[in-house]
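Comments concern the structure below.
The values are calculated or read from the model by the stated rules, or taken from the named source; none is laboratory data. Keep in mind it's a predicted model, so treat the numbers as computed, not measured. Cβ placement follows ideal geometry from the backbone for every residue including glycine, while neighbour counts extend to all protein chains displayed.
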């Protein structure tokens with residue numbers, strides 16, 4: 001029997017595993033312990049995740065069905081069977097999400113004096129005000145489109161919110177279908193109404209109405225002389241995956257721009273969301289006009305496009321949000337902040353350059369608890385201005401707006417340093433942003449490259465070359481997260497600052513590989529995909545199996561976003577059967593079954609969903625009491641191991657190793673917010689112990705206590 005056939009019954013479908021992950025995100029919204037506006041945020045994240053899932057994963061499966069591709073997934077399901085299962089699992093979640101918005105978010109906010117009203121709930125004063133607002137601020141930008149023999153069905157753009165209306169000519173009685181696109185990007189989803197217009201006492205803190213209701217109940221202004229017989233809301237999701245063939249494209253940027261134009265226009269419809277009360281007549285017009293299949297139709301009993309609940313977080317009501325947390329400057333770097341030197345907080349003789357600190361010892365950073373601005377950004381900023389720095393090389397995957405990192409790289413180039421930035425143009429849904437940054441960097445004198453042909457560069461590395469005492473020394477940062485100032489405050493990531501010689505030499509050669517001037521196949525310390533990472537990870541698991549078989553200490557602990565790779569899953573099953581104790585912290589997809597008799601009794605899986613997005617990857621192997629510990633940008637997925645450029649570094653300093661071991665233990669033993677995976681693949685949240693606090697809360701508390709002590 002082949003390995004694949006053996007695995008088929010013991011491999012969880014990755015699409016269904018992803019849906020299970022998004023179910024845990026929604027549960028964070030449903031959890032009464034989550035502050036009310038944060039509930040709205042997690043509800044929005046659930047929607048945003050689902051949009052991307054349809055645009056990419058569902059779209060891919062539909063394309064396979066249309067192309068008559070019958071190749072089955074690792075668990076033995078055809079593309080068509082997977083689509084059926086996806087719909088079956090998503091429908092109850094959508095219903096649960098809408099109930100949550102209405103019962104917990106909307107009603108809960110009302111009790112907190114935040115009124116999100118439907119148009120029919122407005123009093124006369126509010127209705128008059130909002131109608132006038134429509135005429136002056138919304139009406140001029142609307143473009144109603146009729147459908148008749150002279151006007152074909154209009155193109156409906158991806159993720160747009162629309163109104164379908166049936167209008168009647170009062171003279172002839174003739175009916176006509178019309179579509180109105182609701183303005184979104186240029187306007188707030190929830191239009192604020194002056195609180196003094198409310199008749200409720202005491203007065204609310206905030207009153208608002210969804211913009212689509214403002215438009216819908218003012219359609220008469222768009223169709224004067226006509227009767228609006230009925231109107232309904234609908235929303236379309238289209239195939240947004242970009243198919244790029246690097247080998248055939250002379251200019252990757254040009255090819256990508258063409259692909260982005262195609263995405264904005266939109267591919268095939270993969271989902272049509274409509275108001276639950278929609279009439280059969282209008283629904284048929286939508287289905288025929290956009291060639292929608294019945295299985296792609298989703299009835300929504302409430303607001304469409306709940307991803308825009310993010311807008312509610314702008315409300316300044318602290319008691320409805322998590323307590324603010326801003327992180328701290330890592331202790332070793334407190335005397336390395338140039339801004340403190342400039343404002344006199346640190347005396348000149350007390351200041352230590354960041355390079356002198358890194359030379360003394362390796363540093364482990366844990367964001368957002370350690371401030372990104374005073375660690376990674378400070379490292380790049382000092383590198384840009386230090387006269388001894390000869391060159392800077394970085395990989396950029398997802399970049400924030402107004403990025404201090406970009407500004408530092410440009411300044412470094414202006415200061416005459418050799419600066420190279422690898423900008424990954426194919427970072428999904430950030431392609432347009434990255435194209436703009438790439439052009440800006442090139443115009444500023446930075447040497448910009450786009451990576452290795454046929455591979456996506458996902459690694460997070462920065463290398464600084466500094467001339468010291470007639471020799472060149474390498475300083476570097478290897479991380480699990482992007483060089484992104486914004487997400488560094490909401491994602492948990494690990495970073496490693498060092499000047500270790502062998503790792504520095506590896507990074508020099510890796511950057512040569514990335515710029516196309518090297519076919520490096522061997523590295524001293526660094527584990528690099530697709531060159532050596534898979535083989536090394538598999539050999540490390542195999543070594544633990546051998547230790548267990550020989551009666552030695554054998555244990556694996558690993559933290560990652562996703563565990564999908566079939567070979568790794570198979571090896572972990574073998575390790576469990578050999579007696580290796582395996583603890584896995586997997587935030588998202590996990591395609592193995594833990595705690596299954598005869599298969600995986602020694603495997604335990606937990607998932608952490610909290611106020612911060614768990615994004616760090618850590619791999620720990622007991623090695624008979626002499627542990628090997630690694631961190632980096634790769635998950636245990638085929639794409640990370642075989643189709644991306646990734647870098648994973650060993651952590652050899654005993655003190656830093658213990659920090660990572662303690663962190664893994666903290667997550668594994670979280671008794672408040674962790675979800676424990678069951679032998680059937682389902683998850684149960686550990687929340688029985690009321691007095692316990694979550695792993696993330698413990699980390700916040702420990703950092704806050706350190707601040708108070710200082």
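Considering every residue within region 143-159, establish whether at least one is modelled with pLDDT of 95 or more and either over 16 Å from residue 212 (Cα atoms) or touching a strand residue (DSSP E or B) at 6+ places or on another chain (Cβ under 6 Å) (or both). Looking for residues that are modelled with pLDDT of 95 or more and either over 16 Å from residue 212 (Cα atoms) or touching a strand residue (DSSP E or B) at 6+ places or on another chain (Cβ under 6 Å) (or both), one finds none in region 143-159, hence no.
Taken together, the residues in region 275-287 that are outside any loop (DSSP other than H, G, I, E, B) and touching a residue at least 60 places away in the same chain (Cβ under 8 Å) amount to 4. Evaluate the following for residue 135: is it assigned by TED's automatic domain parsing to the domain that holds residue 30, buried (at least 18 other Cβ atoms within 10 Å of the Cβ) and at pLDDT 90 or above? Taking the combined requirement at face value, the residue does not satisfy it. Taking region 628-655 as the range and being farther than 30 Å from residue 452 by Cβ and in contact (Cβ under 8 Å) with a residue 24 or more places away in the chain as the test, only 653 passes. For region 126-134, the condition of being more than 17 Å from residue 212 (Cα to Cα) and not in a loop (DSSP other than H, G, I, E, B) holds for none of the residues.
In this entry, residue 41 is excluded by the filter for residues that are in a helix (DSSP H, G or I), in the same structural domain as residue 17 (by TED's automatic domain parsing), in contact with a strand residue (DSSP E or B) (Cβ under 9 Å, 6 or more places away or on another chain) and surrounded by 14 or more Cβ atoms within 10 Å (Cβ to Cβ).
Being closer than 17 Å to residue 664 by Cα, under 21 Å from the mean Cα position of the chain (by Cα), touching a residue at least 24 places away in the same chain (Cβ under 8 Å) and surrounded by fewer than 24 Cβ atoms within 10 Å (Cβ to Cβ) is a description that does not apply to residue 625. The residues listed here are 121, 85; of these, the one that is modelled with pLDDT of 95 or more, surrounded by fewer than 19 Cβ atoms within 10 Å (Cβ to Cβ) and more than 17 Å from residue 210 (Cα to Cα) is 85. Within the bounds of region 586-597, is there any residue that is touching a helix residue (DSSP H, G or I) at 6+ places or on another chain (Cβ under 6 Å), assigned by TED's automatic domain parsing to the domain that holds residue 664 and in a helix (DSSP H, G or I)? Scanning region 586-597, I find no residue that is touching a helix residue (DSSP H, G or I) at 6+ places or on another chain (Cβ under 6 Å), assigned by TED's automatic domain parsing to the domain that holds residue 664 and in a helix (DSSP H, G or I), so the answer is no.
Would you check if there is a residue in region 645-654 being modelled with pLDDT of 95 or more, under 27 Å from residue 26 (Cα atoms) and surrounded by 23 or more Cβ atoms within 10 Å (Cβ to Cβ)? Within region 645-654, none of the residues are modelled with pLDDT of 95 or more, under 27 Å from residue 26 (Cα atoms) and surrounded by 23 or more Cβ atoms within 10 Å (Cβ to Cβ). When region 308-327 is filtered for residues that are surrounded by 19 or more Cβ atoms within 10 Å (Cβ to Cβ) and in a helix (DSSP H, G or I), the ones remaining, listed by number, are 308, 309, 312, 320. Applying the criterion of being touching a residue at least 24 places away in the same chain (Cβ under 8 Å) and not in a strand (DSSP E or B) to the residues of region 222-242, the residue that is surrounded by the fewest Cβ atoms within 10 Å (Cβ to Cβ) is 225.
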